[in-house]
Amino acid sequence: MRNFSVRIKLYFLMFCFIATLAIVGSAGWLGIRNAGSSMEEVSDALVSVDALGSLRNARLSSIAAMQEGASWRPEVFDSLSDKSEALAEAHGQFGDILDRHHAALAQAEQAFNAYDAQPKSKEEQELWKEFSELWKEFHAANEVQTQIGQSLADSKDWNEVHVHSLELVTNTTPWAASIHATGEPLEKLIKLRVAAAAEAQSAGEMAINTATIQIVSVLGTAVVVLGVLATLIVRSVVVPLHQMRSTIEEVGATNNFSLRARNQGRDEVAQAASAFNSLLERVQRALVEVMGGAGRIDQAASQTSTMAQQVANSAAQQNEAAADIASAIEEMSAALGQINASAQDVRSRAEDAASAADSGAQAINRTTEETDQVVHQVSRASGTISALGKESDRISTIVAVIKEVAEQTNLLALNAAIEAARAGERGRGFAVVADEVRLLAERTRTSAEEIREMVGAIQSSARQAVADMAAVVSRTRESRARSENAAASIHEILRSASLVSSAIGEVSLALIEQDRTTQMIARRVEAVAQMSQENCSTGTHAAAVSRELDGASGALRLAINQFKV
């Protein structure tokens, strides 16, 4: 039953219903036809009985009329003197008798013809044949009787009335015998026809009862068959629908998408169950994919949270490093200021040394004779040169500090470049600043090296000048020429002092440039620090968002875990 569609089932049920109606109608039609046939037989039998009864009644009416004519006595009117009244009485009496007799004969003839036209059994045919022959004999006797009665009705003489009355009485006996002879076969025909009518009526009633039983039986059988068939069809539709509804309710109650509706047969319900199972399968696959995606989202959220925390930590470390760099740059700027001040002091002293050397030279040129004064001046110059050597030593120390600061700055710039490379796109600007700091540190180191070389030269010259002054002091008394050499040496000292002053000026300018560069680096580092703070804040926010995403993915995982796939 499940292999047929609901439409075919309904069509089949409708066909069975129509066929049942046709069978019930056919049974009823057959019963009605049988009952109609029986009723036709009853009707034919009743027509024959009616014709025979009418024939019998007409025969009796004719007998009664003729018996009345035969019992009429003209002797009753013989005492009348006026016979016209008696003739009138005779005319009226026999006219009425003849009218009734003719009417009875006409009725009998009509009934005879009506019955003669009806179908008859063999027994009826034999009786009818016998009756017909007797009826013909009656007609022959009746003609004579009718003529006598007509003569009586037409008599014009009273004597004729007597004669015809006597003839009527005489002829009535054979006439009555002939008409009475038809009575027995007529009664037999009537009884036979009544029995046939009763039998036909009984057969009709039996046919009606049979038709009723057939109709009731067929109708009951049809109702049972249709009920069973309708029950099977309804069960074939309702039971799978109930099962599918139970499956849907169970899926809705348990969120178990691995359940499947029973799919048996090929009807619309089975197709609907198949479509529902396909839907469950697609939803199950989608939920499996969603669960996998939720797991991946959870994993990605965890990784994102970890990476965001790492970014925040890196940003914090970068911020600390930027703060350290800024502090180092500030310290370097302060050191550069001190170096610049020391350089200015050295320059001032170099200028003083140059002025003193110039004065010594002028003194040597003015008074070559004043050897003691020259010696004194040379000694003074020697002391000054010694002081210059000491200042040169201080300059060397300061230059060493500048070189060390430059190397430290270069190292910090290198570390800053490495941190900027780690920061990626956000650290690109800081990398440029770090490169500039490194270049400036390199230039500072180069300038410091040049100053060191110059200071070394000055120290060498100062030592040489000290030695020369010592030689001058020891030899001033030897010759005046050595005074000139001393003057020349003093001029050389003057030139060297000028060179030292110029070198110190260049160092001062370099230190000023270094200070400006350091301040610019400080501003850049401050910007980098602000960017690091922003990166740290962004990383912290990203970590918070990642934690929220992790929590949301966990909630999604819990929500999806409610479904069974």
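Tabulated results
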item: Flag if residue 465 is in a helix (DSSP H, G or I), of a type outside the set (Val, Ile, Thr), under 24 Å from residue 394 (Cα atoms) and at pLDDT below 70; result: yes
item: For residue 38: the one exception among (1) more than 23 Å from residue 175 (Cα to Cα); (2) at pLDDT 75 or above; result: (2)
item: Residue count, region 241-282 (criterion: within 27 Å of residue 557 (Cα to Cα) and either modelled with pLDDT of 75 or more or among the basic types (Lys, Arg) (or both)); result: 17
item: Within region 224-237, considering residues that are surrounded by 13 or more Cβ atoms within 10 Å (Cβ to Cβ) and out of contact with any Asp or Glu (no Cβ under 8 Å at 6 or more places or on another chain), the one nearest to residue 272 (Cα to Cα); result: 233
item: Pairs with Cβ under 9 Å, 6+ apart, first in region 75-97 and within 21 Å of residue 65 (Cα to Cα) and not assigned by TED's automatic domain parsing to the domain that holds residue 61, second surrounded by 11 or more Cβ atoms within 10 Å (Cβ to Cβ) and among the basic types (Lys, Arg); result: 77/83
item: Which listed residue, of 64, 104, 90, is modelled with pLDDT of 75 or more, hydrophobic (A, V, I, L, M, F, W, C), surrounded by fewer than 16 Cβ atoms within 10 Å (Cβ to Cβ) and assigned to a helix (DSSP H, G or I); result: 64
item: Region 276-292 residues that are among the acidic types (Asp, Glu), paired with ones that are not in a helix (DSSP H, G or I) (beta carbon under 9 Å, 6 or more apart); result: 281/257; 281/260
item: Search result, residues across region 109-129 that are in contact with an Asp or Glu (Cβ under 9 Å, 6 or more places away or on another chain) and surrounded by fewer than 18 Cβ atoms within 10 Å (Cβ to Cβ); result: 114, 118, 119
item: Qualifying positions in region 511-558 - modelled with pLDDT of 70 or more and touching a Ser or Thr at 6+ places or on another chain (Cβ under 7 Å); result: 514, 515, 518, 519, 547, 550
item: Of the criteria (1) of a type in the set (Val, Ile, Thr); (2) closer than 30 Å to residue 131 by Cα; (3) buried (at least 18 other Cβ atoms within 10 Å of the Cβ), which one residue 194 fails; result: (3)
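Conditions tested, residue by residue: (1) under 17 Å from residue 95 (Cα atoms); (2) in a helix (DSSP H, G or I); (3) without any contact (Cβ under 8 Å) to a residue 12 or more places away in the chain; (4) of a type outside the set (A, V, I, L, M, F, W, C).
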site	(1), (2), (3), (4)
144	yes, yes, no, no
150	yes, yes, no, yes
159	no, yes, yes, yes
170	no, yes, yes, yes
176	no, yes, no, no
186	no, yes, no, no
191	no, yes, yes, yes
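The values are calculated or read from the model by the stated rules, or taken from the named source; none is laboratory data. Given the structure is predicted, the values throughout are model-derived calculations rather than measurements. Reconstructed Cβ throughout: ideal geometry from the backbone, glycine too, with neighbour counts over all protein chains shown.
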